[in-house]
Amino acid sequence: HILDRGHDVIATSRSEEAPQQFLAYERGRASFERVDINSDIEALERIVRYFKPQVVANFSSQSMVAESWQYPDHWIRTNITSTLRLFSLFSNLRGLERFLHFSTPEVYGNCAGRIPETHSINPSTPYAVTRATGDFFGRIWAKHHSLPLVITRAGNVYGEGQKLYRIIPRSIHYCHIGKRITLDGGGVTRRNFVYGGDVATALDVVLEKGEINDCYHISSPEYVSIRDLVESIVVKSS
């Protein structure tokens, strides 16, 4: 989305740049550097000092809720310690107009239906605790260290190129290869899904017009059970 608007993009990840089928853009259009913020944030600092970005979008985090119960220290390191180091790196950076921190509704705990951005934080998993803590650090860095922070929390994002461990691409793939889909808990859990292109548009708006140290939700108006979602995919794929 940002490339199509004519902006230059420098992307970093601790993983190698994904194969083309898992990218939303043509390889080579964005500059890519492999950097692990847990072990070499100095490399990121060198990149930042060289390119002098006007806008930063931070999507980095250790995700996967279930695994966070087994190795919470890994989540603490990435989502709190390294995230705080990111905030410190970009605080007072000359020319930086916005630092977008892409967070998660998981920080609200067990909720049903639509909730406002002012809803109380009540994390119920190690993953959510670490993300909430990172968000709190971001807010106080914005207040005390001139970090031009805006926070977003989105529903379940889906779209072209998504990895197959996500329910929508996995369901489509399994339909094509004739493999049975197992639904945890019978698939009764209701979720909100929002298309990646819509998320990109919303993030662009937040970057341009969002108030510093404010939070913005990105979601669709509908909720669907995982079972109903998969059944609708099966019907459309058959």
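Note on the chain: GNM, Cα springs under 10 Å; of His74, His173, His217, the largest mean-square fluctuation is that of His173.
Springs between alpha-carbon pairs under 10 angstrom, Gaussian network model over the chain: which of Gly138, Gly178, Gly210 fluctuates most? Among Gly138, Gly178, Gly210, the largest GNM mean-square fluctuation belongs to Gly178. Here's the picture: charge each Lys and Arg Cβ at +1 and each Asp and Glu Cβ at -1 in region 79-238, and of Leu203, Cys175, Phe87 the one pushed furthest to the positive end of that dipole is Cys175. What you get for the chain, charging only the Cβ of Lys and Arg (+1) and of Asp and Glu (-1), is a dipole of about 200 debye around the Cα centre. With 5 Å bins beginning at zero, the pair-distance distribution over Cα atoms of the chain amounts to 1, 6, 12, 16, 19, 18, 14, 8, 4, 2, 0, 0 %.
Leaving out ligands, DNA and RNA, and with a 1.4 Å probe, what % of the accessible surface on region 15-167 is carbon or sulfur? Let's see the in-between values first.
Numbers: 4400 of 8630 Å².
Its accessible area is 51 percent carbon and sulfur atoms.
Candidate cross-link partners of Lys143 among the lysines, defined by an alpha-carbon separation under 30 Å and a same-chain spacing of 8 or more, comprise Lys52, Lys209.
Note on the chain: GNM, Cα springs under 10 Å; of Ser91, Ser31, Ser82, the largest mean-square fluctuation is that of Ser31.
Taking the Cβ-Cβ separation of Ser13 and Val235 as r and a Förster radius of 35 Å, what is the calculated FRET efficiency to the nearest 0.05?
Numbers: r = 36 Å, r/R0 = 1.03.
The value I calculate is 0.45.
Using C-alpha pairs under 8 Å with a sequence gap of at least 6, the mean separation divided by the residue count of region 48-104 gives a relative contact order of 60 percent. Accessible area per residue for the chain, computed on protein heavy atoms with a 1.4 Å probe, is 59 Å².
Accessible surface of region 197-238, 1.4 Å probe: 53 percent of it comes from carbon and sulfur atoms. Taking a point 7 Å out from the Cα of Tyr195 in the direction of its Cβ, none of the residues of region 27-53 has a backbone N less than 11 Å from it. Just need the Rg to Rh number for region 7-121, please, alpha carbons only, Kirkwood Rh. Ratio of gyration radius to Kirkwood radius for region 7-121: 0.99. The share of C-alpha pairs in region 125-171 whose separation exceeds 12 Å stands at 72 percent.
Ranking Trp69, Trp141, Trp75 by solvent-accessible area of protein heavy atoms (1.4 Å probe, all protein chains present), from largest to smallest, gives Trp69, Trp141, Trp75.
Across all directions, the average projected area of the convex hull around the alpha carbons of region 110-238 is 9.3 nm². Of all the C-alpha pairs in region 92-142, what % are more than 13 Å from each other? Cα-Cα pairs in region 92-142 separated by more than 13 Å: 62 percent. Heavy-atom accessible area with a 1.4 Å probe sorts Glu17, Glu117, Glu222, largest first, into Glu222, Glu117, Glu17. Once the Cα-Cα distance is subtracted from the 0.36 nm per residue extended length, the Leu183 to Asn92 segment shows a gain of 28.0 nm.
Distance from the alpha carbon centroid of region 133-170 to that of region 101-120 works out to 12 angstrom. When the Cα centres of region 1-25 and region 193-238 are compared, how far apart do they sit, in Å? Taking the Cα centre of each part, region 1-25 and region 193-238 sit 20 Å apart.
The values are calculated or read from the model by the stated rules, or taken from the named source; none is laboratory data. This one's a predicted model, so the numbers in the text were calculated from it and none came from an experiment. Heads up, the Cβs are rebuilt from the backbone with ideal geometry, glycines too, and the neighbour counts pull from every protein chain shown. Areas reflect the complete protein model, heavy atoms only, side chains present, ligands, DNA and RNA absent. Shrake-Rupley method; radii C 1.70, N 1.55, O 1.52, S 1.80 Å.
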